[in-house]
Amino acid sequence: MMSFGLIADVVLIVLLGATLFYVVKLSRRLAQLREDRQSFETLVKEFANATAEAGRGLAELRQGADGVARELAGRMERAQGVVGELQRSADDLKMLINRADIAANKLEQGIDQSRQQRPDPARQAEAAPRAPSDEDGAQVPDAQTRALLSALGRIR
(Lines give C-alpha, C1' and ligand atoms only; values in the text may rest on other atoms or scores of the structure.)
Protein backbone atom coordinates (compact mmCIF):
# COMPACT_ATOMS: atom_id res chain seq x y z
CA MET A 1 0.00 0.00 0.00
CA MET A 2 0.86 3.40 -0.21
CA SER A 3 2.62 4.88 2.53
CA PHE A 4 1.12 7.32 4.85
CA GLY A 5 3.79 9.91 3.98
CA LEU A 6 2.92 9.72 0.29
CA ILE A 7 -0.78 10.25 0.93
CA ALA A 8 0.02 13.16 3.19
CA ASP A 9 2.29 14.60 0.47
CA VAL A 10 -0.46 14.27 -2.16
CA VAL A 11 -3.01 15.86 0.14
CA LEU A 12 -0.53 18.60 0.93
CA ILE A 13 0.16 19.18 -2.79
CA VAL A 14 -3.59 19.38 -3.50
CA LEU A 15 -4.09 21.78 -0.63
CA LEU A 16 -1.11 23.88 -1.73
CA GLY A 17 -2.51 23.94 -5.29
CA ALA A 18 -5.89 25.08 -3.99
CA THR A 19 -4.16 27.69 -1.81
CA LEU A 20 -2.11 28.87 -4.79
CA PHE A 21 -5.27 29.12 -6.88
CA TYR A 22 -7.00 31.20 -4.18
CA VAL A 23 -3.89 33.38 -3.68
CA VAL A 24 -3.79 34.20 -7.42
CA LYS A 25 -7.51 34.90 -7.41
CA LEU A 26 -7.17 37.08 -4.30
CA SER A 27 -4.19 38.90 -5.80
CA ARG A 28 -6.23 39.78 -8.90
CA ARG A 29 -9.09 41.04 -6.76
CA LEU A 30 -6.70 43.15 -4.68
CA ALA A 31 -5.17 44.62 -7.85
CA GLN A 32 -8.65 45.46 -9.13
CA LEU A 33 -9.55 46.95 -5.75
CA ARG A 34 -6.43 49.16 -5.91
CA GLU A 35 -7.43 50.34 -9.38
CA ASP A 36 -10.97 51.00 -8.18
CA ARG A 37 -9.59 52.85 -5.18
CA GLN A 38 -7.59 55.14 -7.46
CA SER A 39 -10.65 55.73 -9.59
CA PHE A 40 -12.65 56.41 -6.45
CA GLU A 41 -10.03 58.90 -5.21
CA THR A 42 -10.08 60.64 -8.59
CA LEU A 43 -13.86 60.77 -8.45
CA VAL A 44 -13.75 62.22 -4.91
CA LYS A 45 -11.25 64.91 -6.04
CA GLU A 46 -13.45 65.80 -9.02
CA PHE A 47 -16.47 65.96 -6.73
CA ALA A 48 -14.60 68.26 -4.33
CA ASN A 49 -13.58 70.52 -7.24
CA ALA A 50 -17.15 70.60 -8.55
CA THR A 51 -18.44 71.41 -5.07
CA ALA A 52 -15.94 74.27 -4.70
CA GLU A 53 -16.87 75.61 -8.13
CA ALA A 54 -20.57 75.41 -7.26
CA GLY A 55 -19.83 77.32 -4.04
CA ARG A 56 -18.07 80.06 -6.00
CA GLY A 57 -20.94 80.20 -8.48
CA LEU A 58 -23.42 80.43 -5.63
CA ALA A 59 -21.46 83.29 -4.05
CA GLU A 60 -21.45 85.15 -7.38
CA LEU A 61 -25.17 84.51 -7.73
CA ARG A 62 -25.76 85.92 -4.24
CA GLN A 63 -23.75 89.03 -5.08
CA GLY A 64 -25.74 89.50 -8.27
CA ALA A 65 -29.01 88.99 -6.43
CA ASP A 66 -27.96 91.50 -3.75
CA GLY A 67 -27.17 94.05 -6.46
CA VAL A 68 -30.50 93.48 -8.13
CA ALA A 69 -32.27 93.72 -4.76
CA ARG A 70 -30.59 97.07 -4.02
CA GLU A 71 -31.48 98.40 -7.47
CA LEU A 72 -35.06 97.19 -7.09
CA ALA A 73 -35.31 98.80 -3.66
CA GLY A 74 -34.08 102.10 -5.13
CA ARG A 75 -36.61 101.90 -7.92
CA MET A 76 -39.35 101.11 -5.41
CA GLU A 77 -38.41 104.18 -3.37
CA ARG A 78 -38.50 106.35 -6.48
CA ALA A 79 -41.84 104.83 -7.49
CA GLN A 80 -43.27 105.50 -4.04
CA GLY A 81 -42.07 109.10 -4.32
CA VAL A 82 -43.78 109.43 -7.69
CA VAL A 83 -46.97 107.91 -6.28
CA GLY A 84 -46.85 110.42 -3.43
CA GLU A 85 -46.40 113.29 -5.88
CA LEU A 86 -49.27 111.99 -7.97
CA GLN A 87 -51.44 111.74 -4.86
CA ARG A 88 -50.62 115.33 -3.93
CA SER A 89 -51.33 116.43 -7.52
CA ALA A 90 -54.63 114.55 -7.45
CA ASP A 91 -55.53 116.29 -4.19
CA ASP A 92 -54.60 119.66 -5.72
CA LEU A 93 -56.71 118.89 -8.77
CA LYS A 94 -59.67 117.92 -6.57
CA MET A 95 -59.30 121.20 -4.71
CA LEU A 96 -59.12 123.16 -7.98
CA ILE A 97 -62.17 121.35 -9.36
CA ASN A 98 -64.04 122.08 -6.13
CA ARG A 99 -63.10 125.77 -6.38
CA ALA A 100 -64.12 125.82 -10.05
CA ASP A 101 -67.49 124.31 -9.11
CA ILE A 102 -67.95 126.95 -6.43
CA ALA A 103 -66.99 129.71 -8.92
CA ALA A 104 -69.36 128.26 -11.52
CA ASN A 105 -72.18 128.16 -8.97
CA LYS A 106 -71.50 131.77 -7.98
CA LEU A 107 -71.42 132.76 -11.64
CA GLU A 108 -74.73 131.01 -12.25
CA GLN A 109 -76.23 132.79 -9.26
CA GLY A 110 -74.91 136.09 -10.56
CA ILE A 111 -76.37 135.45 -13.99
CA ASP A 112 -79.71 134.44 -12.48
CA GLN A 113 -79.75 137.56 -10.29
CA SER A 114 -78.82 139.70 -13.26
CA ARG A 115 -81.64 138.26 -15.32
CA GLN A 116 -84.12 138.79 -12.49
CA GLN A 117 -83.06 142.41 -12.03
CA ARG A 118 -83.27 143.29 -15.73
CA PRO A 119 -86.69 144.23 -16.98
CA ASP A 120 -88.30 142.45 -19.91
CA PRO A 121 -86.35 143.33 -23.08
CA ALA A 122 -89.53 144.00 -25.06
CA ARG A 123 -90.74 146.53 -22.49
CA GLN A 124 -87.32 148.02 -22.08
CA ALA A 125 -87.01 148.58 -25.81
CA GLU A 126 -90.22 150.55 -25.86
CA ALA A 127 -89.53 152.55 -22.70
CA ALA A 128 -85.82 153.15 -22.86
CA PRO A 129 -83.74 154.69 -25.55
CA ARG A 130 -81.53 152.40 -27.59
CA ALA A 131 -78.23 151.27 -26.10
CA PRO A 132 -75.16 153.00 -27.46
CA SER A 133 -73.50 151.24 -30.36
CA ASP A 134 -70.07 151.40 -31.91
CA GLU A 135 -69.23 152.39 -35.49
CA ASP A 136 -70.30 149.04 -36.97
CA GLY A 137 -73.70 149.19 -35.30
CA ALA A 138 -72.90 146.54 -32.67
CA GLN A 139 -74.12 147.31 -29.17
CA VAL A 140 -71.52 148.25 -26.56
CA PRO A 141 -71.98 146.05 -23.46
CA ASP A 142 -72.84 147.71 -20.18
CA ALA A 143 -70.59 147.44 -17.08
CA GLN A 144 -72.36 144.41 -15.64
CA THR A 145 -72.07 142.48 -18.93
CA ARG A 146 -68.39 143.40 -19.21
CA ALA A 147 -67.78 142.14 -15.66
CA LEU A 148 -69.57 138.89 -16.46
CA LEU A 149 -67.55 138.40 -19.65
CA SER A 150 -64.35 139.14 -17.75
CA ALA A 151 -65.23 136.54 -15.10
CA LEU A 152 -65.93 133.96 -17.78
CA GLY A 153 -62.60 134.73 -19.42
CA ARG A 154 -60.73 134.16 -16.13
CA ILE A 155 -62.40 130.79 -15.59
CA ARG A 156 -61.18 129.49 -18.94
Exercise. With respect to Gly110, determine if the residue is out of contact with any His (no Cβ under 9 Å at 6 or more places or on another chain), exposed (fewer than 10 other Cβ atoms within 10 Å of the Cβ), at pLDDT 60 or above and not in a loop (DSSP other than H, G, I, E, B).
Key: no
Quiz item: Does Ser3 satisfy the criteria of being surrounded by 10 or more Cβ atoms within 10 Å (Cβ to Cβ) and either at positive phi or out of contact with any Ser or Thr (no Cβ under 8 Å at 6 or more places or on another chain) (or both)?
Solution: no
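The values are calculated or read from the model by the stated rules, or taken from the named source; none is laboratory data. Everything quoted here is computed from the prediction, not taken from an experiment. All Cβ positions, glycine included, derive from the backbone under ideal geometry; neighbour counts span all protein chains shown.
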